[in-house]
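Trainee: Just passing along the structure, written as structure tokens.
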Amino acid sequence: MSRFVKGTSILGIALLGFGVWQLTEMDRENHGEAESAQTIIQQDQSYEKVFIEQGNEEEENRPDYERVDNQMLRTIEDNDEMKELVSGLGKGVTEDLNDLEAETEEQWKTIEEDTKQKKQMLKRLIELTDDKKIEQIASSAEAKLDRMMEDKKIDFYKEAVLSFQLISERLS
């Protein structure tokens, strides 16, 4: 019995030592990866802004105009002010959004002024409606206009205007 206890103790100590050695090696490997990651992070200190829109992810992945249904169109048709707002929101600075450019300071100021007007129109549209889909489209367009102002990318303006342009066309 004594030999069994001694043998088991020696074997237990050997296994414990092996386990500690393995943990030490794993820690050393992980620490090395962490140091290299920190070095990379320290070299590149650029940041990106991330916008997170709340809502149903399934609906957020679809373009705004695909969320338009007949009930929404009837709601807009029944209210002349809403119809006028949607029509105004669907008109860009130029007739053809694909030709819209913001290469000069004057062009950019025109787009910024139009964006400010559209944001006011979107707020009024949100106040007028009880329809959740209209509110979502308006909120999404407002977020796109905010991103356009912040990032100075005209594509966000085009997306916001296009969604209301298509709704306006379906109303006609």
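The values are calculated or read from the model by the stated rules, or taken from the named source; none is laboratory data. Predicted, not measured: the structure shown is a model, and the values here were computed from it. Quick reminder, even Gly has a Cβ in these numbers, built from the backbone with ideal geometry, and neighbours come from all protein chains shown. The protein model used for the area step is the full one, side chains on, heavy atoms only, and it has no ligands, DNA or RNA in it. Shrake-Rupley method; radii C 1.70, N 1.55, O 1.52, S 1.80 Å.
Trainee: Give the number of residues within the stretch 135-172 that are touching a Phe, Trp or Tyr at 6+ places or on another chain (Cβ under 6 Å) and of a type in the set (A, V, I, L, M, F, W, C).
Mentor: Summing the residues that are touching a Phe, Trp or Tyr at 6+ places or on another chain (Cβ under 6 Å) and of a type in the set (A, V, I, L, M, F, W, C) in the stretch 135-172 gives 2.
Trainee: Quickly run through the stretch 149-172 and pick out the residues that are part of a helix (DSSP H, G or I) and farther than 27 Å from THR75 by Cβ.
Mentor: Residues satisfying the conditions are MET149, GLU150, ASP151, ILE154, ASP155.
Trainee: Now a separate question. Among LYS132, LYS144, which is the only one that is under 22 Å from the mean Cα position of the chain (by Cα) and crowded, with 19+ Cβ neighbours inside 10 Å?
Mentor: Only one candidate passes the filter, namely LYS144.
Trainee: Give just the number: which of (1) open to solvent by 90 Å² or more (accessible area, probe 1.4 Å); (2) at pLDDT below 60 does LEU16 not satisfy?
Mentor: Just one mismatch for LEU16, condition (2).
Trainee: Continuing with this model, one more query. Looking at the stretch 64-84 only, could you name the residues that are in a helix (DSSP H, G or I), at pLDDT below 75 and surrounded by 17 or more Cβ atoms within 10 Å (Cβ to Cβ)?
Mentor: ASP64, ARG67, listed by residue number.
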